[in-house]
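Some notes on the structure that comes next.
Bear in mind these aren't lab numbers, they're just calculated from the coordinates by the rules spelled out. None of these values were measured; they are calculated from a predicted model. Note that each Cβ is placed from the backbone with ideal geometry, even for glycine, and that neighbours are counted across all protein chains shown.
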Amino acid sequence: MTPPVLQVQQLHVTAGDQSIVRDVTFDLSRGELTTIIGPSGSGKSTILRAINRLADKESGLQVSGSIRYKGCDVFRCCPVNELRRDISLVFQKPCIFPGSIRRNVLFGVRHHQPMSRTRQNDLIEKVLRQAHLFKEVKDRLNKPAHLLSIGQKQRLAFARSLAVNPAVILLDEPTSSLDPHSTIEIEKALRELKSTCSILLVTHSLEQGRRISDRVIFMSNSQGFGTIVEQGAVEQIFENPQHPDTQQYVLNR
Amino acid sequence: MTIRLFKQRIFYAVSAASALMLMGLVALALYLVIARGIPALSFSFALQPMAEGGLSGGVRHQMIGSLILLITTLVLVVPVALSIAIVHTVYLRESSVQKSLSLILHVLNGIPSIIFGLFGFFVFVKFLGWGKSWFTGGILLSMMILPTVALTLSEGMRRIPHEYIENARSLGLSKEQMVISILIPQSASSFLSGLLLGLVRAVGETAPIMFTATVFSGATVPNGIVDNPVLSLPYHIFTLTQESYQAKAVQNAWGSACLLLLIVFGLNALATPFRMNAFEEIKTA
Ligand SMILES: Nc1ncnc2c1ncn2[C@@H]1O[C@H](COP(=O)(O)OP(=O)(O)O)[C@@H](O)[C@H]1O
Ligand SMILES: [Mg+2]
């Protein structure tokens, strides 16, 4: 068995003296898609933001515990800007930068390496295909990106994250406000990307979790802070949950 | 009629009357300047050098001097205001140092311009021994407008939705790269509008430059820093007005005032589209 790509151990996140999440421990392996499900406010987004180091660097939260990426402690030995290229985050609400679709795709990657025009074009086509957006926008790559529909914008933001060539992709409810077509395309994209990346997806939709996960983490905040109640293979969590909170949330009983 | 309605009417009447009065005064001032200035105004007035101690000729070197002061101010204030705003919004987020910096800028904004003149006189003219110099004028004017420019700019930067900054950071951009690709372009209109407003103030000021940078006659184009004053429109007006027993002097003062107003209106007109955020780039989803 290959060693996990990402190991989260005893993760605690607090805001002042208020715990947001406690005792979060899980692994992500290569070639697997893990979803986090759970009621809103249970700290799902906070976990993603802690892994990507937005929680401690940008939101001023206190993060303790350990997160190891390819064996190295992200709080000690990985420079944060390099870490974020390897572990990219797709936000719930797509945020499109001013300018063309092309400029948006290259927004992150052009700061990391100089590229010839041909290589740029190849990269744009590759990541837009991976994000299942290429067919819809191939004739208007130089048009303003803010004219796209919200579903297309989200796939563009996804492509922009893929362009920095991440090994781990974190997605925070990426389809929560999207049309069914865009949702299906993003799910297809995730299934295809699974073979090369580890994927951690937060979803509000149990259907989506059931459709595409390999492993599922169920979080709850019934104790006043977010914590993992149960985790396991997708069949186990959805067909045979052990914990009463999970049973209630998943089987609605 | 109820008392409340009555109070509302009174309030309305008083506000309307004061607004009208104020507008009337402004209109009168404009009318005076324009009505008296226009007869003196011509292309040759703007382009010819002064003669007979301001009684004839034009204001060529006063225009050039004011332009030199304006450009020096611009060149000095842009990098400083930019650095202050960036430090203020990016590096001092929510800290007590940030609040103190805001406070200092606001206090600085309220300092009367004559104080800058005095400060410059003692520091640059006397202590550093520069004598009167255009460069001192630029330094003082840029100090005077720095708070306005820096505060409008950091306000503009703070208005950029935080998600843009987070998205850029989450793609692995360093703070510096984020500043260059998001913060500066997205606050460009606030910057330009604040800058132009500041320059409008600077170009019309007499107090900071009268004993530090400008003379009434005997200077043309500077060829160094020490003992190199310039002529300038505001000081020209100031001096000519003191000689008001000479009809010609008064007429030329009005003419110069008219030119100064034209410059100010021009800069203001340039600032208007930026103030209305016509170039705001971010379109939220
Ligand atoms: N920066 C912050 N400061 C204080 N509290 C926060 C902060 N970010 C999130 N929280 C709190 O943490 C809890 C979990 O939030 P979040 O991770 O967004 O939950 P979820 O994504 O599961 O809905 C919420 O109660 C929220 O109010
Ligand atoms: Mg969330």
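What to note about this one:
- Cα centroid separation - the stretch B:214-238 against the stretch B:126-141, whole Å: 12 Å
- Spin-label model, B:VAL264 to B:ALA27: label points 7 Å out along the Cα-to-beta-carbon direction sit 1.9 nm apart.
- Exposed trypsin sites (Lys or Arg not before Pro) absent - longest run of chain B, DSSP non-H/G/I/E/B, at most 14 other C-beta within 10 Å: B:160-282
- Evaluated on the protein assembly as shown, the Kirkwood hydrodynamic radius is 28.0 Å, with distances taken between all distinct Cα atoms.
- Förster radius 45 Å - calculated FRET efficiency between B:LYS126 and B:ARG159, Cβ distance, rounded to 0.05: 0.55
- Charged-residue dipole, Cβ positions (Lys, Arg, Asp, Glu), the protein assembly as shown about Cα centre, Debye nearest 20: 700 debye
- Legend: Rg and Dmax of the stretch A:73-122, from Cα coordinates, 13.6, 38 Å.
- Label point distance in nm, A:SER195-B:VAL78, each placed 7 Å from Cα along Cα→Cβ: 5.3 nm
- Highest-MSF residue in chain B out of B:ALA27, B:ALA202, B:ALA188 [GNM, Cα springs under 10 Å]: B:ALA27
- Computed over the stretch B:41-284, the ratio Rg/Rh where both radii use C-alpha atoms and Rh is Kirkwood: 1.06
- Folded to 0 to 90 degrees: helix B:247-275 orientation relative to chain B principal axis, Cα: 10 degrees
- Cα convex hull volume per residue for the stretch A:162-241 (Å³): 116 Å³
- The distance between label points at A:GLN62 and B:GLU176 comes to 3.3 nm (points 7 Å beyond Cα on the Cα→Cβ vector).
- Exposure proxy order (Cβ contacts within 10 Å, fewest to most) of A:ASP86, A:ASP122, A:ASP172: A:ASP122, A:ASP86, A:ASP172
- Fewest-first ranking of B:ILE182, B:ILE34, using other Cβ atoms within 10 Å as the exposure measure: B:ILE34, B:ILE182
- Here's the list of aspartates and glutamates a cross-link from A:LYS93 could span, going by alpha-carbon distance under 18 Å and ignoring same-chain residues fewer than 8 apart: A:GLU58, A:ASP172, A:GLU173, A:ASP179, A:GLU185, A:GLU187, B:GLU163, B:GLU166.
- Mean separation of Cα contacts under 8 Å (6+ apart) over length of the stretch A:6-251, as relative contact order %: 28 percent
- Zero-based 5 Å bins, Cα pair distances in the stretch B:109-178, whole percents: 4, 14, 16, 14, 10, 9, 8, 9, 9, 6, 2
- Fluctuation leader among A:GLU185, A:GLU173, A:GLU239 - chain A, Gaussian network, Cα springs under 10 angstrom: A:GLU239
- Each Lys and Arg contributes +1 and each Asp and Glu -1, all at the Cβ; summed about the Cα centre of the stretch B:41-284, the dipole is approximately 140 debye.
- Anisotropy class of the stretch B:8-127 from Cα gyration tensor, a/c 1.5 cut: oblate
- In chain B, Cα pairs under 8 Å separated by at least six residues give a relative contact order of 27 percent.
- Cα coordinate range in the stretch A:6-251, projected on the principal axes (Å, largest first): 53, 39, 29
- Residues B:SER244, B:SER154, B:SER189, ranked from the fewest to the most other C-beta atoms within 10 Å, line up as B:SER244, B:SER189, B:SER154.
- Length-normalised contact order of the stretch A:4-57 in % [C-alpha pairs under 8 Å, at least 6 apart]: 30 percent
- Per-residue ellipticity at 222 nm computed for chain B from its helices equals -21500 deg cm²/dmol, with DSSP H segments shorter than 4 residues left out and the rest contributing -39,500 (n - 2.57).
- One decimal place: the segment B:PHE43-B:THR272 gains 79.8 nm when fully extended, by the rule 0.36 nm per residue minus the C-alpha distance.
- Qualifying chymotrypsin sites (Phe, Trp or Tyr not before Pro) in the stretch B:176-285, where qualification requires a DSSP coil assignment and no more than 13 other C-beta atoms within 10 Å, comprise B:TYR245, B:PHE279.
- Charges were assigned to the Cβ only: +1 to each Lys and Arg, -1 to each Asp and Glu. The resulting dipole of the stretch A:6-251 about its Cα centre is roughly 1320 debye.
- Alpha carbon centroid spacing (whole Å) that separates the stretch A:200-253 from the stretch B:84-124: 54 Å
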